[in-house]
Amino acid sequence: MPKIPFGLGEKYQPTRSVKNYPQLTCYWEVLFDNKTLSAFEVSGLNEKLEYVEYRNGSNPDSRLTKRLTKILGGTIKITWGIFDENENGAHLYHIWRDDRLTDHDEDAKINILVILKDENRHPVMSWNCTGCYPVEYQGPTLKGDVSEIATQTLIIQAEKIKSNMGAPRLT
């Protein structure tokens, strides 16, 4: 219930409801190889469509047509803080690298699910990132003259990213 401004009493009607505001991006969850990863930042949840322009030389119309040639998955960047006790993203990355990639395992690619949640922690939207494999791992920058949170970053290439409204649906 919104706070009623002084002097308006019961006649006060809020002019904007919460449903009229865009969703906040401060609550989310990342499921990485069936484990929850507490991430500080997630970006790159996009796909790129590439087209080729074509015109048949015998066509009397001089306009070019565009043909879809490929759909490229996004390059996902996941950043998380370093904690003493929990299994974090670096641990999951090293398991992924050591157990799957170095053995040339056909199942080295994994799926990642990113879930955006509302203020009540209910799912609003999700992104199914399929066919993911690591591209780069970045450790923290260590400097003696600053006091910053130590973070790590994993950059992942996804073959396909599909967004879903509402509760997450695994594809």
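Each value in this text was obtained by applying a stated rule to the coordinates, not by laboratory testing. This one's a predicted model, so the numbers in the text were calculated from it and none came from an experiment. Every residue, glycine as well, gets a Cβ built from its backbone with ideal geometry; the counts of neighbours run over all protein chains shown.
Key figures
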read-out: Residue pairs, from the table K66/K117; K35/K160; K35/K143; K48/K143, whose Cα atoms sit over 29 Å apart; value: K66/K117; K35/K143; K48/K143
read-out: Sequence ranges 121-128, 156-163, ranked by mean other-Cβ count within 10 angstrom, highest first; value: 156-163, 121-128
read-out: Highest to lowest packing among 144-154, 110-120, scored as the average C-beta count within 10 Å; value: 110-120, 144-154
read-out: Most to least packed among 130-142, 51-63, 69-81 [average Cβ atoms within 10 Å]; value: 69-81, 130-142, 51-63
read-out: Y21 versus R97: modelled label distance in nm, points set 7 Å from Cα along the beta carbon direction; value: 4.1
read-out: Efficiency of FRET from Cβ geometry, N120 and T69, R₀ 45 Å, rounded to 0.05; value: 0.60
read-out: Karplus 3J(HN,Hα) series, Hz, for region 114-123 with 6.51 cos²θ - 1.76 cosθ + 1.60 (x for Gly, Pro); value: 10, 10, 8, 10, 7, 4, 8, 6, 9, x
read-out: Binned Cα-Cα distances of region 21-74, short to long, each 10 Å bin given as a whole percent; value: 17, 25, 22, 17, 12, 7
